[in-house]
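Here's the structure we're looking at; comments come further down.
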Amino acid sequence: MANVLVNAPKTAKKGDTVEIKALIMHPMETGFRPGTNGRIIPRNIVEDFSATWNGREIFRMKMSPAIAANPFVSFSAVASESGIIAFRWTGDEGFAAEHQVNITVT
Amino acid sequence: MTGLRLAAVLIAVFTASFALAQGDGRRSGYQDMSPALQKMQDDDTANPAMLFVQAGASAWTEKAAAGKSCADCHGDASISMKGVAARYPAVAPETGQPVDLEGRINLCRTTRQLADPLAAESDGLLALGAYVALQSRGQPIAPPDDPRLSSLRAEGADLYKRRQGQLNLSCANCHDDNAGRKLAGASIPQGHPTGYPIYRLEWQALGSLKRRLRNCVVGLRAEPWPYEAREYLALESWLMVRARGLAIDAPAVRP
């Protein structure tokens, strides 16, 4: 399981905009660099990142080889109901990571 | 009378510590970074080095060959490792030789855990180093008062002032004489090792002080020493003396 750091508020008022930040450890190898043996190192990036709030998708992004290693994503969402915010990263070489946090909306 | 004397002593102590901490013009690289990067470093969920700290924390409790983990001897790192990164390089009691923090970790691995040493700049060594260094955050750099280190420090001070490479520059030419000015687009820091291991954005990875020193040596167009060379240990020892009293801000983010 990859190392993940997520920063989301534990509580929020209904209707408030909350900021959610997610950081994941990943080399984001571009597929353009030659290795020490002169051969191209195969591309190994996170292709897709998505976040759901109680199963409903609130954010999705496609990542490209130009994104630096250990991609950090920050986005905002409107607090609608208490529940679980789940994050999912998928990428090359069968990479998949998941993480979830609880949020209480009052 | 006693009250007055106490006040005088307090004022003297305060002035001395103030001079030591900031009154003498020494600046950590942190102070020379942009506010955006400072914010990135200060937020433990935005600082990418914290990913390695996470890995280091799990390695801390992982049992090695001899069935022992770091935690089995050292217990809770937040107590036992507090201030440790602020006082290395130091003399290892087992060998009587000076080691840096990474050398100390590998010495523990080989003598206590009966495991293979971790390779220089490997993720495993950097992660443990970052986890240990984190426990010294905010602690002033306090190189040990040990006469066995003085020859190494003198060597380091000499290396620091020695011109080398095709550009024929010494460390001091940039980091003493021109600190605060620009080298091309980048600002030249004073070169205090407060935040190692650092997550350097240019590297997109965590790296040790040795890697940073190699970077400078290559920049001088000199041939870098191999990772196990005594020169690094000497320079590290001198840099820690030079930075005495500055606060540790590891694991730091640098541009």
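The HN-Hα couplings worked out from phi for the stretch A:32-38 by the Karplus form 6.51 cos²θ - 1.76 cosθ + 1.60 (θ = phi - 60°) are 10, 8, x, x, 5, 8, x Hz, whole numbers, x standing for Gly and Pro. Sparse packing (at most 14 other Cβ atoms within 10 Å of the Cβ) combined with a DSSP loop state is found for the following GluC sites (Glu not before Pro) in the stretch A:7-96: A:GLU81.
When A:HIS99, B:HIS74, A:HIS26 are sorted by how many other C-beta atoms sit within 10 angstrom of their C-beta, beginning with the fewest, the order is B:HIS74, A:HIS99, A:HIS26. With K and R counted +1 and D and E -1, the other residues having a Cβ less than 13 Å from that of B:THR111 yield a net charge of +2.
Within a Cβ distance under 9 Å of B:HIS192, other residues only, what is the Lys/Arg minus Asp/Glu net charge? Residues near B:HIS192 contribute +3 overall.
From its DSSP helices (H runs of at least four residues, each -39,500 (n - 2.57)), chain B gives a residue-normalised ellipticity at 222 nm of -12500 deg cm²/dmol.
Based on alpha-carbon positions alone, could you give the equivalent ellipsoid semi-axes of the stretch B:48-168 from the gyration tensor, as √(5λ), descending, whole Å?
They are 27, 17, 16 Å, listed from largest to smallest.
Which entries of B:LYS39/B:LYS63; B:LYS63/B:LYS210; B:LYS161/B:LYS210; A:LYS13/A:LYS62; A:LYS10/B:LYS82 have Cα-Cα distances beyond 26 Å here?
B:LYS39/B:LYS63; B:LYS63/B:LYS210; A:LYS13/A:LYS62; A:LYS10/B:LYS82
For chain B, a Gaussian network of Cα nodes joined below 10 Å ranks B:GLN97, B:GLN41, B:GLN190 by mean-square fluctuation, and the top entry is B:GLN97. With contacts taken as Cα pairs under 8 Å at a separation of at least 6 residues, the stretch B:3-254 carries a relative contact order of 27 percent. What percentage of all Cα-Cα pairs in chain A are separated by more than 17 Å? Tail of P(r) above 17 Å: 54 percent of Cα pairs.
Let me know the shape class of the stretch B:187-255, please: from the alpha-carbon gyration tensor, a ≥ b ≥ c as square roots of the eigenvalues, rounded when a/c is under 1.5, otherwise prolate if a/b is greater than b/c, or oblate. Oblate, since a/c reaches 1.5 and b/c is not below a/b. Coupling constants for the stretch B:130-135 follow from the phi torsions by the Karplus curve (6.51 cos²θ - 1.76 cosθ + 1.60, θ = phi - 60°), and in residue order they are 5, 5, 5, 5, 4, 5 Hz; glycine and proline get x.
At q = 0.08, 0.09 Å⁻¹, work out log10 I(q)/I(0) for the protein assembly as shown with the Debye formula, treating every Cα as an identical point scatterer and leaving solvent out; two decimals please. For the protein assembly as shown, the Cα-only Debye profile gives -0.49, -0.61.
Applying 1/(1 + (r/R0)^6) with r as the Cβ-Cβ distance of B:LEU37 and B:ASP72 and R0 = 45 angstrom yields a FRET efficiency of 0.75. Each Cα pair of the stretch B:3-254 feeds into the Kirkwood radius, which the Stokes-Einstein equation turns, at 10 °C and 1.306 mPa s, into a diffusion coefficient of 83 µm²/s.
Quick note: the coordinates plus some simple rules give every number you see, no bench work behind them. Nothing here was measured: the structure is a model prediction, and the numbers come from that model. All Cβ positions, even for glycine, are placed from backbone atoms using ideal geometry, and neighbour counts span all protein chains on display.
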